[in-house]
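Any read-out appearing in this document is the output of simple, stated calculations on the displayed coordinates, not a laboratory observation. Remember, predicted model here, so these are calculated numbers, not experimental data. Virtual Cβ from ideal backbone geometry, glycine too; neighbours counted across all protein chains shown.
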Amino acid sequence: MHVVVAGGAGYIGSIVVRTLLREKYTVTVLDDLSHGNVWSLPKAARFVEGDIADPSAVQLAIHGEAHALMHFAAKIDVAESMRDPALYHSANVDKSLLLLSQIQMARVRYVVFSSTAAVYDPNTLQPLKEDAALEPVSVYGRTKLIVESALTELAKAGSLSYVALRYFNAAGASLEDGLGEAHPHETHLIPLTMRAVTTGSPLTIFGSDYPTPDGTCIRDYIDVRDLASAHLQALRYLERGGVSTAFNVGRGEGTSVRELLAMIEAVAGKPIPQAMGSRRQGDPSSLVADVQNIKRDLGWVARHSLQDTVESAWRWHTRSTSS
Ligand code: UFG
């Protein structure tokens, strides 16, 4: 069974590719390497270097027949999306629609789509259920929601069935696969904190006046290995005839920035150079997932503790900077 993985050279996609290969799927990665890493591609996967909006690249990736599409390819920087909305609508919406029209023509039956917690109105009651108000505050979140809507319409028309996985905060590394978080322009808390420990250049905490117990933002950090298994289980669910829907993927527990830094400090065994800064535009004070639906319908639960996740990230970070 052939799975096309769009954006399969990126942080999450590359770990999902390994998971699919272990489960004996035939995998083709379609990636333009604008954000992905060529070193993350395994020999066992076919690779088509190209744009998801280029019909010939997509058809080359499909290679006659594909069972499923996993779609990770997107721009993911929330702040950048606020500065340049047109870029995000073009990269995340327009290109996705072109990709979906190609896979529809090729009669690809199943789609697993990378969505985000950013589709929700963060001011609603937490933990967030999938049927909570969908009111993105960022352009990034809006672009993901538009693609979810397009998938809903395609599914209603009977073209395909899909699962949208709404990631909370992906974190950690798959040491077994030698893969971890390496974005070209890093904005995420855990890799930036690790960088602060190893370089001595301080991490800025974005805001300490949020309405949370310690004043810093609360997030639901989900291990990337658990995220990868959620993709596999979503595909299996579709193969069993599961109805098209969206699932939250989180641990269902919130951790504040200060709590996370204390954990990283303990794992690293070194102090984190840090400075207090003002709030970052667009950051909600709290985002925590309700994970009952994914547990009930996919049988998926997060297996890795946050401690485990932080340890994997630290080991991967120190290994990659020392080699
Ligand atoms: N933070 C800092 N300092 C930094 C970086 C981050 O204090 O240098 C804080 C942020 O303010 C936030 C928390 O750490 O409170 C987590 O920030 P990240 O940038 O790691 O992650 P986000 O929660 O902003 O982003 C995640 C996903 C996005 C998604 C977004 C939805 O990574 O893809 O949630 O809100 F869009």
Run the helix sum for the chain: -39,500 (n - 2.57) per DSSP H stretch of 4+ residues, divided by residue count, reported at 222 nm to the nearest 500 deg cm²/dmol. -11500 deg cm²/dmol
May I ask for log10 I(q)/I(0) of the chain at q = 0.08, 0.12, 0.13, 0.14 Å⁻¹, from a Debye sum over the Cα atoms as equal point scatterers with solvent left out? -0.34, -0.79, -0.94, -1.10
D209 label point, 7 Å along Cα→Cβ, cut-off 11 Å on backbone N: hits in the range 270-293? 278-279
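Once R0 is set to 41 Å, what does the formula 1/(1 + (r/R0)^6) return for the Cβ-Cβ distance between A155 and K270, expressed as a FRET efficiency to the nearest 0.05?
0.25
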Taking the simple approach of a point 7 Å from Cα along Cα-to-Cβ for both A79 and H67, what is their distance in nm? 4.2
The chain: most fluctuating residue of G158, G13, G207 per GNM, C-alpha cutoff 10 Å: G158
Can you check what the net charge comes to around A73, using other residues whose Cβ is under 10 Å from the Cβ of A73 (Lys, Arg +1; Asp, Glu -1)? -1
Those trypsin sites (Lys or Arg not before Pro) from the range 267-323 that are DSSP loop and have at most 11 other Cβ neighbours within 10 Å turn out to be R303
Calculate the length of the line joining the C-alpha centroid of the range 196-275 to that of the range 40-110, in whole Å. 26
To the nearest 10 degrees, how steep is helix 95-105 against the longest Cα principal axis of the chain, on a 0 to 90 scale? 30
Which of the peptides 72-79, 84-91 is most tightly packed, and how do the rest follow, judged by the mean count of other Cβ atoms within 10 Å per residue? 72-79, 84-91
Given Cα pairs under 8 Å that are at least 6 residues apart, what percent is the relative contact order of the chain? 19
Placed amide H near A246: partners under 5 Å, 5+ positions off or other chain: A164
Expected unfolding gain across T198-R240 under the 0.36 nm per residue rule, minus the alpha-carbon gap, is 10.4 nm
If each residue of separation counts as 0.36 nm, what is the full-extension length gain between T124 and A262 once their alpha-carbon separation is subtracted? 46.9 nm
Only Lys, Arg, Asp and Glu count, each charged at its Cβ (+1, +1, -1, -1), so figure out the dipole size of the chain about its Cα centre, rounded to 20 debye. 580
